[in-house]
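Written below as structure tokens is the structure these notes are about.
The values are calculated or read from the model by the stated rules, or taken from the named source; none is laboratory data. What you see is a predicted model; the values in this text were computed from it and never measured. Side chains included, ligands, DNA and RNA excluded: accessible areas come from the protein's heavy atoms. Shrake-Rupley method; radii C 1.70, N 1.55, O 1.52, S 1.80 Å.
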Amino acid sequence: MGMLTSLVCNGVFEKFPSLKFAILESGFSWLPHLLWRFDQNYRSLHQEIPWVKRLPSEYIRERVKFSTQPTEDFSAANWLRLIDMLETDRLFVFATDYPHWDFDSPDESIPRELPADLKQRIFYENARELYALE
């Protein structure tokens, strides 16, 4: 959370408009709260960081991806709630942490009950966008 806050508040995304980040092995259940709180504080304190031109959540949603490893033990319903709170399905990229003994298998890390298009987005599309692959 600290690194992400620092990237936004120090104007990294303004200074480097094509730069993207992947944040690995940090979990992600904390993200809805951070985005909400970050935007609330920015609205009242934006004069402290005038080089940040947009809401912090906008930079994060457009330029940052989060690995699914370690995956919180979420049901399919909770995954869908999380995506609803984040207002996007484009933040997550699949990661296994292989070859460590506690790696996440693709069959077990994301609930099988998730819609096929969402699984395709997490397993492939979001990484393709992050790395600008055709």
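Summary of computed values
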| item | result |
| --- | --- |
| Percentage relative contact order, segment 1-72, counting C-alpha pairs under 8 Å, at least six apart | 51 percent |
| Hits among lysines - C-alpha to C-alpha of Lys20 under 16 Å, sequence gap 8 or more where chains match | Lys65 |
| Relative contact order computed over the chain (Cα-Cα under 8 Å; 6+ residues apart), in percent | 26 percent |
| In Å², nearest 10: area of Ser75 left accessible to a 1.4 Å probe | 60 Å² |
| Amide proton proximity set for Ile23, modelled H, under 5 Å, gap of 5+ | Lys65, Phe66, Ser67 |
| Prolate/oblate/rounded label for segment 62-102 (Cα gyration tensor, a/c 1.5) | oblate |
| Per residue solvent-accessible surface (Å²) - segment 30-101, probe of 1.4 Å | 57 Å² |
| Share of carbon and sulfur in the accessible heavy-atom surface of the chain [1.4 Å probe, %] | 55 percent |
